[in-house]
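Taking it in order: structure first as structure tokens, then the write-up.
The values are calculated or read from the model by the stated rules, or taken from the named source; none is laboratory data. Since the structure is predicted, the reported quantities are computational estimates derived from the model, not experimental observations. Using ideal geometry, Cβ is built from the backbone for each residue, glycine included, and neighbour counts are taken over all protein chains shown. In case anyone asks, the SASA skips ligands and DNA or RNA and just uses the protein heavy atoms, side chains included. Shrake-Rupley method; radii C 1.70, N 1.55, O 1.52, S 1.80 Å.
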Amino acid sequence: RDAHYVWKDLLKEASPVEGKTYGDLVNMKVTTFVLPYHLHAFQMTQVVPYLTDKQGDVELRVFYDLLCPDSRDAHYVWKDLLKEASPVEGKTYGDLVNMKVTTFVLPYHLHAFQMTQVVPYLTDLCQTQNKCLQEDYAELCWKNLDWIVKASDLSENKFMDSWAKTVASELDIPEQDIHDLFSSNDSHNSDWRVRENWKYGTSIGVSGAPQAFINGVMLETYPTSAEEWKKVFGELFPASQADEKFIQ
């Protein structure tokens, strides 16, 4: 309770970033956590999903590996599904879902770590220059998956040189920028950020890719087709299940 009222006031105040309040600066998310020794807390908390997600945005966080064929297939399932009508009347899945993708390097995929080091650079490029190439880059990785997974004869340095040329050519970005990511000239802290994403994933139970969380809850089994995802969302919005196309 006290923490809530501290933030209620603080969000209106000026932050250390000039011209921004803490409310402008912070993307604040609240998750309820029932303490079992608080009588009636569980019943009170059952009301919260209705208040926050009645028609609401569904946060879908997925973990992909850029050299994983299953992650590739999962990406293309969602690329099509986002355009389709959802169980919520008047909304497509793209309207309904707040989708977030986190890279998760599988250690047995040779060169996956180096390929993923490009992602922080692209994230920064999107934020600073509004040149957002993350999806294009992921698809470039999966397009080259078949030969890269077999390139065990390429040393790390030779692969990085080759990959920098490919990325620069395909995405029209300076080749030197990519080379810098693999050196002491890296200004994007790429190595650490790749490791940070992996540690984040493992800390919440991710052990492979693809993996998915809906509103913070990990799915026991990753749905591998559009039909399986539709069943998941049909269960989230049971009032819409009268429409047969969502309960096949």
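Starting from residues that are among the polar types (S, T, N, Q) and open to solvent by less than 70 Å² (accessible area, probe 1.4 Å), keep the ones in the range 142-171 and report whichever is farthest from Ala74 (Cα to Cα). Steps first, answer last, please.
First pass over the range 142-171, keeping only residues among the polar types (S, T, N, Q): 144, 152, 155, 157, 162, 166, 169.
Applying the additional criterion that residues be open to solvent by less than 70 Å² (accessible area, probe 1.4 Å) yields 144, 155, 162, 166.
Numbers: Asn144: 17, Ser155: 29, Ser162: 27, Thr166: 24 Å.
Ranking the qualifying residues of the range 142-171, first place goes to Ser155.
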#### Entry: the range 80-105, subset in contact with a Gly (Cβ under 7 Å, 6 or more places away or on another chain) and under 21 Å from Thr123 (Cβ atoms), residue surrounded by the most Cβ atoms within 10 Å (Cβ to Cβ)
Phe104
### Message
For the structure I just gave you, tell me whether Ser183 is in a loop (DSSP other than H, G, I, E, B), farther than 30 Å from Val97 by Cβ, open to solvent by 40 Å² or more (accessible area, probe 1.4 Å) and among the small types (Gly, Ala, Ser).
### Response
yes
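Scanning the range 10-63 for residues that are of a type in the set (Asp, Glu) and at pLDDT 80 or above, which turns out surrounded by the fewest Cβ atoms within 10 Å (Cβ to Cβ)?
So the first thing to find is which residues in the range 10-63 are of a type in the set (Asp, Glu), and the list is 13, 18, 24, 53, 57, 59.
This time we only want the ones that are at pLDDT 80 or above, so: 13, 18, 24, 59.
Details: Glu13: 9, Glu18: 6, Asp24: 11, Glu59: 15.
Once the filter is applied, the top-ranked residue is Glu18.
If I go through the range 167-188 residue by residue, how many of them are of a type in the set (A, V, I, L, M, F, W, C) and over 19 Å from Ser155 (Cβ atoms)?
As a first pass, look at the range 167-188 and keep what is of a type in the set (A, V, I, L, M, F, W, C): 167-168, 171, 173, 178, 181-182.
The next check asks that each one be over 19 Å from Ser155 (Cβ atoms); those that pass are 168, 171, 173.
Of the residues in the range 167-188, 3 are of a type in the set (A, V, I, L, M, F, W, C) and over 19 Å from Ser155 (Cβ atoms).
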### Query
Taking the range 185-219 on its own, how many of its residues are more than 19 Å from Leu66 (Cβ to Cβ) and of a type in the set (Gly, Ala, Ser)?
4
